[in-house]
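Everything on this sheet refers to the single structure shown next.
The values are calculated or read from the model by the stated rules, or taken from the named source; none is laboratory data. Everything numeric in this text was worked out from a predicted model, so none of it was measured. Heads up, the Cβs are rebuilt from the backbone with ideal geometry, glycines too, and the neighbour counts pull from every protein chain shown.
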Amino acid sequence: MATLTRGAFAKPGTSLQFKTGDWRLQRPVYLHRNAPCHVACPAGEDPQAYLARLAEGNSQAAWETLVAANPLPAITGRVCHHPCESSCNRGDYDEPLAIHGIERTLGDEAILHGWNYPVRPLSSDALRVAVVGAGPAGLSAAYHLTRLGYRVSLFEAESEAGGLLASAIPAYRLPRSVLGDEIARLLSVGMTFMPRTRLGRDFTLDDLRADHRAIFIGVGNQRGRQWSVDGVVPRDSRPGLDILKEWLSIGSLPAYKSVAIVGGGNTAVDLARVLKFSGIPEVHIISYRAVPGPGVAAEDVMRATAREVRQAIEEGVIIHEHRGVRRLIIRGERVAGVEMVHTKKLTRSAGRRETVEFEGTETILHVEQVIPAVGQEVDPAGLEMLLAGHPFLHPDSWGRLEGFEGIFAGGDVREGAATVSDAIGDGRRAALAIDSYLRNSALPASQRPVVRLNDLNVNYFEPQPRTKIELLPVGERNAEREIEQALPLSHAGIESHRCFSCGECMSCDNCWTLCPDNAVLKTLEETAAGDHYVFDYDYCKGCALCAHECPSGYILMEPEP
Amino acid sequence: MAQQPLEGSQAIAQAVALCRPQVVAAYPITPQTHIVENLAKLIADGKLACELVSVESEFSAASVVLGAAAAGSRAYTATSSQGLLLMTEVLFNIAGLRVPLVLTCANRTVGAPVSLGNDHQDSMAVRDAGWVQLYCADNQEAIDTTIHAFRIAERCELPVMVCVDGFTLTHTLEPLEVPAQQQVDNFVGPYAFARTLKPTDPITLGTVLSHEFYPEVRHAHHRALLDAQEEIVAADREWHALTGRSTGGLLSIEGPPDAQTAILTIGSILGTLADAQAEYRDQAPAKLIKLRAFRPFPVDALKQACEGLRELVVVERAVSLGSGGIIAAEVRAALSEMSSPPRVHSYAIGLGGRDVPMNAYPKLVAAAQSESPPRFAIFDLQPAKLPAEDR
Amino acid sequence: MTLEQPTKSCSELRRAQPVFRGLEAGHRACQGCGQALAARLVTEAIGPDVLIANATGCLEVFTTAWPQSAWRVPWLHSVFANTAAVASGMEAALKAQKRNTKVVAFGGDGGTFDIGLQALSGMLERNHNVLYVCFDNEAYMNTGVQRSSSTPHAAETTTSPPGRERAGKRHLKKDLVTIIAAHRIPYAATATVAYPSDLRKKVRRGLQVEGAAFIVVHSPCPLGWGHENALGIEVARLAVQTGLYPMIELERGELVGAMPIREVHPVTDYLRLQDRFKHLFADDPRAREELEHLQELANHNIEVYGLRAQKPDRFDSEGADTVRRGGMRTA
Ligand SMILES: Cc1cc2nc3c(=O)[nH]c(=O)nc-3n(C[C@H](O)[C@H](O)[C@H](O)COP(=O)(O)OP(=O)(O)OC[C@H]3O[C@@H](n4cnc5c(N)ncnc54)[C@H](O)[C@@H]3O)c2cc1C
Ligand SMILES: Cc1ncc(C[n+]2csc(CCOP(=O)(O)OP(=O)(O)O)c2C)c(N)n1
Ligand code: SF4
Ligand code: SF4
Ligand code: SF4
Ligand SMILES: [Mg+2]
């Protein structure tokens, strides 16, 4: 019992004896939720996390955070269609973060400074895993497996690694030196790279199984799809991808005055641009789908990266959207033109979308050649058993192939994958699945909830325009010079401060500053969750003010247990 | 020690100055005004190093000295009448906080009707505020009591109100002895309040207290006031040793030891009654009891003083309207503890500044012998002046 | 999911906080009390070298239930009306003792706009070196939400209830700042919990000037205003962004600064969140008129103080609360 003090004075801070925590009906918890950019990234990057490191001024830590998911940021920073940016919460506030530009800058910084992946040396009894195909899918799988402690043999049919990155993506988008540096660093993490070794020719799956505990198939889709118009194929017709690859490997291109490319993917657009750069005055693209733009439904957009389509148009490529080829106009043996017709994808019965051609909308386009760029399929050599007659493989989201224990697949070899980041993500997830398979451990737990704009308190942010990324003026562009310019590191740093830090503490001090009950404590050492704040539940009254004022949606109110 | 002619207010101001207050709050009200005016002049002349805060009300005056005392400075203010009542809320607060302060109340009645006249209605109204109340019979006592007050306040951690009759004392010029600075310094000592607010020991003063402790806090305060009796007596004793002057401690008795009648009173009418006592020594022999300390109320000293008395006339300068004599009521209660207490007669006199003449003395003594005395009466009432229905 | 706590216990961490906090946990304010927050922010900006005089009111009551005190600064409560005078006395004492410790007075709106106004005026007129901080929750909260002269026009309180004959408080909010300005003191300002950096900056300025300084801090009261506990800051921010509670600074009575409003919100954005204005959203012509009236009062403020931002700046109503990664907001 207390003893009276003269004049009933009290000692400082003695209110701490009075635990107001039991007034609480709900309690705040610090909870890392997912940023939408992370959820949207096919490669599994968490841009929020590396933007934070960069904003803190540590670009190497940012890069290390980044390559924990994606080993090739200098590449994806250039070629990825960056769905992270389309999903960025900031896009609903002012403009999305220039994530791809920052990713690229970090990748370039790593090359410049010769940063290495943080990888531990393999133990002598490391298990052996085979990876077939050294495109982005195979490279990613091999990298992650090595990081996870496996001894990887990487088999590649060609003499160089890189897959389509090397063989099909032109230098104006992906300079060869960047590609070379990224791949060289990756190959040197401690795997065995075996070029010019083709599955189905030099070895079989059974050979691999003999001395590997698991296999990842990342051979892509190498075979051009058959194409004709009512059975008619132009003379000299070659798949567009072959033309592109040939130009990339030996530098030769066909010379026409005018040409129409059929298809709306990256191959069509890149080939069109290459041809345009080579001096062909009239280059057309004929696509069932639409040119990307505001209000165009995602499923109706040309599959090529929007940015590339935009640039192609700037450069004078003529795109005929929503058009199909009705007929080839052949004069003698040569192509004289195509008859196009308006088309649209419409939802028919049972929700199936079909391309409908509208009679009476035919037009003639006079061109010297028609080049199909209508997609590839998997070359079945060596994979017959797995394909069982299908054009693609159908692994689950972890790359597992039903009925083939120990065999995993990802990248373009899978139906539905179409991008470098898909391939990298597939390779990463398959590596985790292989690890879990070999260790007989559980796969990583399910996803955290995603933070949306209304979970944030944007009062604490200022509108600030997106940092501009410069493009080479159209007149100065050619097939070799990189068109999109780098975001200088300093600009990248400024840009990183625009990040809302969705779902993750940004150490803004708001909760600590605004708790009326002094129930938020700051700590120098990191908490288990990686932040620097602790709720003192002895005193927190559960008013939820902190949760409401947390700018980044990192505080969640839970019913009191 | 040389005497010098001084006005009461001036004397009090000098006594205050000798105690070296660091903060004085000033607000004018008759008859107190001259005290703070004198202090202001002493400060202006550089004779007293002190912060003079010329406040905008007595309520603030009391508050200023409270703040100053809590912040570690000896502080002083003075007031009267309406001003004292305006302070009331703060007076209780100061005492409850157990903050040592000295306040001079230049006693004046309380309106309405408005009057500048002297009586004790003001200080009696705040008798339960928890302050020590000492009443002065003359201006020498006012000087000495003021000096005692600082020492008592600081030693007991209680505020002390020095009550001095307005005009009769404050405005009267007489030869007075003003002690030497060194004497006062030794007697009072430096100001040291145990609960001084300071960042190095950041305590909280003025808390909220529940009923769980309220009776105890009242007990402690009451006890402190009772204990202050010793300090009041000791101060007087020591001051006497230093100066040869005594103010009588809690109370003092004058007159024939064998007299069975006594008149008890408070404040400056003692002077008149003492003169009359001498004058009517044979016609109306009686003792005179000077009550100096009204709070704490000196029950034991009083009982002792009343030993052997048959009639005790309590003459006071205030009325508890609807009840009667304030001091008398307390005296009656105190003496009821005696085995054969005197009869207690209760009269108010000199209300609103009406002059108390010498001849009041024999009349009072005579009244004391009455067969059926009134329980209470206003002694100098002139009923003819009342409308019929109020007589 | 409860996260693991770091190796240090909460009480160890509490002792090792990077800034001094004059108001400790364990006080008994309601959940989400804006005044508790305001007082903590203010004492934080002041630091430990201070004496505080505190008026009667919620803040006094919820911090000092003997034998406990939530204060870590020397603190004194006397009565309701005399705080400015107590502070004057403290200041006089410190001056006499030649101590440099600062003196700060705390009062509610009742204790400042109403019952303590005279003592405050005296303190300002005498120009004591005291910072007076009024925590304005716009009613007598401690006694159960009665109207004060600071209660906004048309607001409901227990002594200004809406009914058939009345639409809440009949009178206007007292323009206290103008009264303060008339004293021509070195510094006076309005502030709010919604902009803590701005508040801290003003407190520091108030302490820095030689002589009397006055700051009134808009402090939401979930109980009295009837808003959700979590929305105190939101509500206070909207008070600024609507123009109903202008953020201004005065030196020697002259306007020297105002927080521009980048995006002026309609007053209904603010009013709608609070039950004390609920009756104004009834389908009733008088309610509509009062809403218009409040809008015009906001418009008047915007005009008089020139609050509309010309171009965005980092100290306007949108910029002033901007946070940065790594905390430690500017100013
Ligand atoms: C012209 C063009 C432009 C593109 N632009 C973009 C773009 O901008 N952004 C984007 O995200 N995506 C783009 N893509 C798609 C992207 O390149 C692919 O989705 C991605 O490269 C798929 O990676 P992968 O590893 O699965 O397959 P690939 O890149 O095709 O790599 C497969 C690898 O396996 C090797 N291989 C094949 N068969 C065998 C075998 N039997 N034995 C051993 N090795 C074998 C191949 O030689 C190759 O190295 C583009 C594609 C093209 C064609
Ligand atoms: C002289 C006096 N009158 C009335 C009261 C009762 N009382 C105590 S606190 C209070 C209201 C305080 O209101 P305010 O100053 O606005 O502070 P709040 O409680 O709203 O923070 C009142 C009326 C009192 N304590 N003293
Ligand atoms: S308010 Fe700021 S410091 Fe607190 S959890 Fe949210 S982001 Fe982190
Ligand atoms: S602001 Fe403070 S009291 Fe309110 S819920 Fe958060 S930690 Fe608890
Ligand atoms: S009534 Fe209002 S001001 Fe008082 S403690 Fe509760 S929320 Fe705070
Ligand atoms: Mg209030």
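Restricted to segment A:294-308, and to residues there that are under 20 Å from A:Leu346 (Cβ atoms) and not charged (D, E, K, R), the residue that is farthest from ligand 1 (Cβ to nearest atom) is A:Gly295. In summary, A:Gln60 fulfils each of the numbered conditions (1) crowded, with 24+ Cβ neighbours inside 10 Å; (2) assigned to a helix (DSSP H, G or I) with the single exception of condition (1). Remark: A:Leu472 falls outside the filter, which requires a residue to be more than 10 Å from chain C (Cβ to nearest Cβ), aliphatic (A, V, I, L, M) and buried (at least 16 other Cβ atoms within 10 Å of the Cβ).
Evaluate the following for A:Pro463: is it over 20 Å from A:Arg176 (Cβ atoms), modelled with pLDDT of 95 or more and not hydrophobic (A, V, I, L, M, F, W, C)? Criteria not met by A:Pro463. Taken over segment C:132-164, the criterion of being more than 14 Å from ligand 5 (Cβ to nearest atom) and either among the hydroxyl-bearing types (Ser, Thr, Tyr) or over 20 Å from C:Val177 (Cβ atoms) (or both) is satisfied by C:Tyr132, C:Ser149, C:Ala154, C:Glu156, C:Thr159, C:Ser160, C:Pro161, C:Pro162, C:Gly163, C:Arg164.
Could you please let me know if C:Phe80 is touching a Pro at 6+ places or on another chain (Cβ under 7 Å) and more than 16 Å from ligand 3 (Cβ to nearest atom)?
For C:Phe80, the condition - touching a Pro at 6+ places or on another chain (Cβ under 7 Å) and more than 16 Å from ligand 3 (Cβ to nearest atom) - is not met.
Within the option set A:Ala417, A:Ala431, A:Ala423, being at pLDDT below 95, surrounded by 15 or more Cβ atoms within 10 Å (Cβ to Cβ) and in the same structural domain as A:Ala388 (by TED's automatic domain parsing) holds for one residue only, A:Ala417.
Yes or no, residue by residue, for (1) in a strand (DSSP E or B); (2) surrounded by 24 or more Cβ atoms within 10 Å (Cβ to Cβ); (3) touching a strand residue (DSSP E or B) at 6+ places or on another chain (Cβ under 7 Å); (4) within 9 Å of chain C (Cβ to nearest Cβ):
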residue	(1), (2), (3), (4)
A:Asn478	no, no, no, no
A:Glu482	no, no, no, no
A:His491	no, no, no, no
A:Ile494	no, no, no, no
A:Gly503	no, yes, yes, no
A:Gly530	no, no, no, no
A:Met557	yes, no, yes, yes
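Pairs are defined by a Cβ separation below 8 Å, a sequence spacing of at least 6 or placement on different chains, a first member in segment A:75-98 that is touching a residue at least 60 places away in the same chain (Cβ under 8 Å) and over 29 Å from A:Arg185 (Cβ atoms), and a second member that is of a type in the set (Phe, Trp, Tyr) and not in a helix (DSSP H, G or I); the pairs so defined are A:Asn89/A:Phe500; A:Arg90/A:Phe500; A:Tyr93/A:Phe461; A:Tyr93/A:Phe500. Of the residues B:Ser346, B:Ser340, the single one that is among the polar types (S, T, N, Q) and in contact with a Phe, Trp or Tyr (Cβ under 9 Å, 6 or more places away or on another chain) is B:Ser346.
Would you confirm whether or not segment B:222-232 contains a residue that is over 16 Å from the mean Cα position of the chain (by Cα) and more than 30 Å from A:Ala2 (Cα to Cα)? The answer is no; no qualifying residue exists. Of the residues examined, B:Ser252 is one that is within 17 Å of B:Leu134 (Cβ to Cβ) and in contact (Cβ under 8 Å) with a residue 12 or more places away in the chain. Once segment B:67-95 is narrowed to residues that are facing another protein chain (nearest Cβ under 7 Å) and in contact with a Gly (Cβ under 6 Å, 6 or more places away or on another chain), the residue that is surrounded by the fewest Cβ atoms within 10 Å (Cβ to Cβ) is B:Ala68. When A:Ile183, A:Ile169 are checked against the criterion of being in the same structural domain as A:Leu432 (by TED's automatic domain parsing) and within 26 Å of A:Arg310 (Cα to Cα), A:Ile169 stands alone in meeting it. In this structure, does C:Gly232 turn out to be surrounded by 23 or more Cβ atoms within 10 Å (Cβ to Cβ), outside any loop (DSSP other than H, G, I, E, B) and either free of Cβ contacts under 8 Å to residues at least 40 places away in the same chain or not aliphatic (A, V, I, L, M) (or both)? In short, yes. Taking every residue in segment B:187-210 that is under 26 Å from B:Ala235 (Cβ atoms) and more than 7 Å from every other protein chain (Cβ to nearest Cβ) and pairing it with any residue that is among the hydrophobic types (A, V, I, L, M, F, W, C) and assigned to a strand (DSSP E or B), at least 6 positions away or on another chain, the pairs with Cβ-Cβ distances below 9 Å are B:Tyr191/B:Ala75.
Does C:Asp49 satisfy the condition of being surrounded by fewer than 22 Cβ atoms within 10 Å (Cβ to Cβ), over 30 Å from C:Trp225 (Cα atoms), among the charged types (D, E, K, R) and under 22 Å from the mean Cα position of the chain (by Cα)? Yes; evaluated as a whole, the condition is true for this residue. Say whether the condition of being of a type in the set (Phe, Trp, Tyr) and in the same structural domain as A:Pro254 (by TED's automatic domain parsing) is met by at least one residue in segment A:353-367. Yes: one or more hits. Kindly check whether there is at least one residue in segment A:217-231 that is at pLDDT 95 or above, surrounded by fewer than 16 Cβ atoms within 10 Å (Cβ to Cβ) and either away from ligand 6 (no atom under 16 Å from the Cβ) or polar (S, T, N, Q) (or both). No, segment A:217-231 contains no residue that is at pLDDT 95 or above, surrounded by fewer than 16 Cβ atoms within 10 Å (Cβ to Cβ) and either away from ligand 6 (no atom under 16 Å from the Cβ) or polar (S, T, N, Q) (or both). Could you tell me which residue of segment C:53-74 is surrounded by the most Cβ atoms within 10 Å (Cβ to Cβ), considering only residues that are within 7 Å of chain B (Cβ to nearest Cβ) and among the small types (Gly, Ala, Ser)? Going through the qualifying residues, I end up with C:Ala53. Looking at B:Ile263, B:Ile289, which one is in a strand (DSSP E or B), touching a Ser or Thr at 6+ places or on another chain (Cβ under 9 Å) and of a type outside the set (Lys, Arg)? Of B:Ile263, B:Ile289, the one residue that is in a strand (DSSP E or B), touching a Ser or Thr at 6+ places or on another chain (Cβ under 9 Å) and of a type outside the set (Lys, Arg) is B:Ile289.
Counting only helices (runs of 4 or more DSSP H) that sit completely within segment C:78-192, those holding 1 or more residues that are touching a His at 6+ places or on another chain (Cβ under 7 Å) correspond to C:83-97, C:117-125. Screening A:Pro516 on (1) within 30 Å of A:Val79 (Cβ to Cβ); (2) within 16 Å of ligand 6 (Cβ to nearest atom); (3) not aromatic (Phe, Trp, Tyr) shows it passes everything except condition (1). Inside segment C:18-52, residues that are away from ligand 5 (no atom under 13 Å from the Cβ), more than 19 Å from C:Leu199 (Cβ to Cβ) and facing chain A (nearest Cβ under 9 Å) make up a count of 3. If you go through segment A:287-317 and keep only what is within 15 Å of A:Arg78 (Cα to Cα) and among the small types (Gly, Ala, Ser), you end up with A:Ala304, A:Ala306. Just one of the listed residues (B:Arg245, B:Arg195) is part of a loop (DSSP other than H, G, I, E, B), within 23 Å of C:Asn82 (Cα to Cα) and among the charged types (D, E, K, R), and it is B:Arg195. The residue that is farthest from C:Thr192 (Cα to Cα), counting only those in segment C:282-317 that are in contact with a helix residue (DSSP H, G or I) (Cβ under 8 Å, 6 or more places away or on another chain) and assigned to a loop (DSSP other than H, G, I, E, B), is C:Leu307.
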